[in-house]
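To keep things clear, I will list the structure first and then write my remarks on it.
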Amino acid sequence: MPLIRIRDLKNGKSDTYYKGDYLDDYVVRNGDYLIGMDGEFNIVEWEGGNALLNQRVCRVDTCNSSLLRRFLFKYLPIPLKQIEETTPFVTVKHLSSKKLLQIEIPIPPLSEQHRIVSELDSLSGIIEKKREQLKELDNLAQAVFYEMFGDPVRNEKGWEVKTIKENVTEMFIGPFGSSLKTDCYVDKADAYCMVYEQKHAIRKNYNLDNHYVDKNKYLELKRFSVYPHDFIMSCRGTIGEIYRIPSDAPMGIIHPSLMKIRLKDNTYNPVFFEKVLQQIIKEQSVNGGCVKMAITAKSLGMILAIFPPIQMQNLFAEKIAAMDRQKTLIQQSLSEVENLFHSRMDNYFG
């Protein structure tokens, strides 16, 4: 029988098996509600087929005829999050059975429970459909790229190739760590510019909880300046996350964990270049190339990349722009529904 570990709760399936004897009480079936007792305290609905409960995975059900199972499932994330936020830890948070059993559950009339569950399930369904639409558009963008250019690593269409360094004016990693420590940061009111960090590349967003430096530190590290339309790429830990700084973003300097890439004018279309770079990084990561454990500008610059005619690159960028406009509309609608969902959760369970 498959054995459910905590990490399997997110994946919805298990690839670990148990060959010994087991009691039927420990069998999990589709539709059962499970809680991981370590890390993040989330409740999930299991859909991975018959499997066995493992240590630190808890199955939750109700023996109260006045309490709907689905209502319990919708309510529990609220107290679980409160317990998680107040649980002390050194490396990993642990949820105790005692705290779990002490959770108090409101039990409104069954008709009210049905109404609440129906409304929340309806909103959840809309949210899931919109997320699926965003995934489909991402898949479509990938399909369009392969249809037009083929595999950029194998280059079965025989495009001209050039090393990456031939088409960039600047490509290097941020300053030495000793040059930009946390004690260099200043309050935003005293700032000259922001510091671009790995989180910006990973989350594809510059408007986060940012750090700043004053003018003296900027002048000291001016070589590591980045501007709108430059690329930044994560180079430590989470490697190869690429982000093109938007036109409305502020100037800044890069953290030591980032690489800056600035294209030459009239060489690559930036949208096309980003897609090619993503494929190169993915292939290098899988096959143990220059980005397996870390990445350097020198090694990346020596890699050959396809170089189709700029007209084709521009056509691809136009198609991606049209998809991005659709994604923006879907994302706006998704945010509105998510806000409504959280508002109703607060109203019912706040």
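The strands (runs of 3 or more DSSP E) found entirely in region 224-277 that carry 1 or more residues being more than 17 Å from PRO175 (Cβ to Cβ) are 231-234, 242-244, 258-263.
Modelled with pLDDT under 95 and β-branched (Val, Ile, Thr) - does that describe any residue in region 249-265? The answer is no, given that none of the residues of region 249-265 is modelled with pLDDT under 95 and β-branched (Val, Ile, Thr).
Close Cβ contacts (under 9 Å, 6 or more residues apart or on different chains) running from residues in region 330-350 that are free of Cβ contacts under 8 Å to residues at least 60 places away in the same chain and open to solvent by less than 40 Å² (accessible area, probe 1.4 Å) to residues that are in a helix (DSSP H, G or I) and of a type in the set (A, V, I, L, M, F, W, C) are absent.
From the residues in region 278-296 that are outside any helix (DSSP H, G or I) and open to solvent by 10 Å² or more (accessible area, probe 1.4 Å), which one is modelled with the highest pLDDT? Can you show your working first?
Taking region 278-296 as the starting set, the residues that turn out to be outside any helix (DSSP H, G or I) are 287-296.
With open to solvent by 10 Å² or more (accessible area, probe 1.4 Å) added as a condition, the list becomes 287-290, 292-294, 296.
Numbers: ASN287: 60, GLY288: 56, GLY289: 53, CYS290: 48, LYS292: 49, MET293: 52, ALA294: 66, THR296: 84.
Step by step, filter region 278-296, then rank; the result is THR296.
Checked against (1) over 18 Å from ARG7 (Cβ atoms); (2) under 25 Å from the mean Cα position of the chain (by Cα), PHE71 meets all criteria but (2). Among the criteria (1) in contact (Cβ under 8 Å) with a residue 60 or more places away in the chain; (2) closer than 25 Å to TYR17 by Cβ, the one ASN50 does not fulfil is (1). Hey, can you tell me all the residues within region 178-199 that are surrounded by fewer than 11 Cβ atoms within 10 Å (Cβ to Cβ) and among the polar types (S, T, N, Q)? SER178, THR182 - these are the residues of region 178-199 that are surrounded by fewer than 11 Cβ atoms within 10 Å (Cβ to Cβ) and among the polar types (S, T, N, Q).
Among the conditions (1) open to solvent by less than 50 Å² (accessible area, probe 1.4 Å); (2) closer than 21 Å to CYS184 by Cβ; (3) among the hydrophobic types (A, V, I, L, M, F, W, C); (4) outside any loop (DSSP other than H, G, I, E, B), the only one that LEU219 does not satisfy is (1).
Let's see how each residue does on (1) touching a helix residue (DSSP H, G or I) at 6+ places or on another chain (Cβ under 8 Å); (2) aromatic (Phe, Trp, Tyr):
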{"residue": "GLY174", "(1), (2)": "yes, no"}
{"residue": "GLY177", "(1), (2)": "no, no"}
{"residue": "ASP183", "(1), (2)": "no, no"}
{"residue": "ALA189", "(1), (2)": "no, no"}
{"residue": "TYR192", "(1), (2)": "yes, yes"}
{"residue": "TYR196", "(1), (2)": "no, yes"}
{"residue": "LYS204", "(1), (2)": "no, no"}
{"residue": "LEU208", "(1), (2)": "yes, no"}
{"residue": "TYR212", "(1), (2)": "yes, yes"}
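Scoring TYR192 on the criteria (1) touching a Phe, Trp or Tyr at 6+ places or on another chain (Cβ under 6 Å); (2) under 19 Å from ALA305 (Cα atoms) leaves a single failure, condition (2). Which residue pairs have Cβ atoms closer than 7 Å, lie 6 or more positions apart in sequence or on different chains, and pair a first residue in region 70-90 that is under 16 Å from GLY39 (Cα atoms) with a second residue that is basic (Lys, Arg)? Sorted first by the residue in region 70-90, then by its partner, the pairs are ILE83/LYS99; GLU84/LYS93; THR87/LYS93. Screening region 237-256 for residues that are buried (at least 21 other Cβ atoms within 10 Å of the Cβ) and not aromatic (Phe, Trp, Tyr) and picking the one that is farthest from VAL213 (Cα to Cα) gives ILE245.
Looking only at residues of region 3-44 that are basic (Lys, Arg) and either assigned to a loop (DSSP other than H, G, I, E, B) or in contact with a helix residue (DSSP H, G or I) (Cβ under 6 Å, 6 or more places away or on another chain) (or both), we find that the one that is modelled with the highest pLDDT is ARG29. How many residues are β-branched (Val, Ile, Thr) and either farther than 14 Å from GLN279 by Cβ or in contact with an Asp or Glu (Cβ under 6 Å, 6 or more places away or on another chain) (or both) if we restrict to region 155-172? So the answer is 3. The set of residues in region 297-316 that are in a helix (DSSP H, G or I) and surrounded by fewer than 17 Cβ atoms within 10 Å (Cβ to Cβ) comprises LYS298, SER299, ILE310, GLN311, MET312, ASN314, LEU315. Residues that are open to solvent by less than 90 Å² (accessible area, probe 1.4 Å) and farther than 27 Å from ILE103 by Cβ within region 1-45 comprise MET1, PRO2, THR16, GLY20, listed in sequence order. Taken together, PRO175, PRO152 contain a single residue that is open to solvent by less than 30 Å² (accessible area, probe 1.4 Å), farther than 24 Å from GLU274 by Cβ and either assigned to a loop (DSSP other than H, G, I, E, B) or free of Cβ contacts under 8 Å to residues at least 12 places away in the same chain (or both), which is PRO175.
The values are calculated or read from the model by the stated rules, or taken from the named source; none is laboratory data. It should be emphasised that the depicted structure is a prediction, and the values quoted were computed from it without experimental measurement. A quick note on method: Cβ atoms are made from the backbone with ideal geometry, for glycine too, and the neighbour counts reach across all protein chains shown. For accessibility, only protein heavy atoms count, side chains too; no ligands or nucleic acids. Shrake-Rupley method; radii C 1.70, N 1.55, O 1.52, S 1.80 Å.
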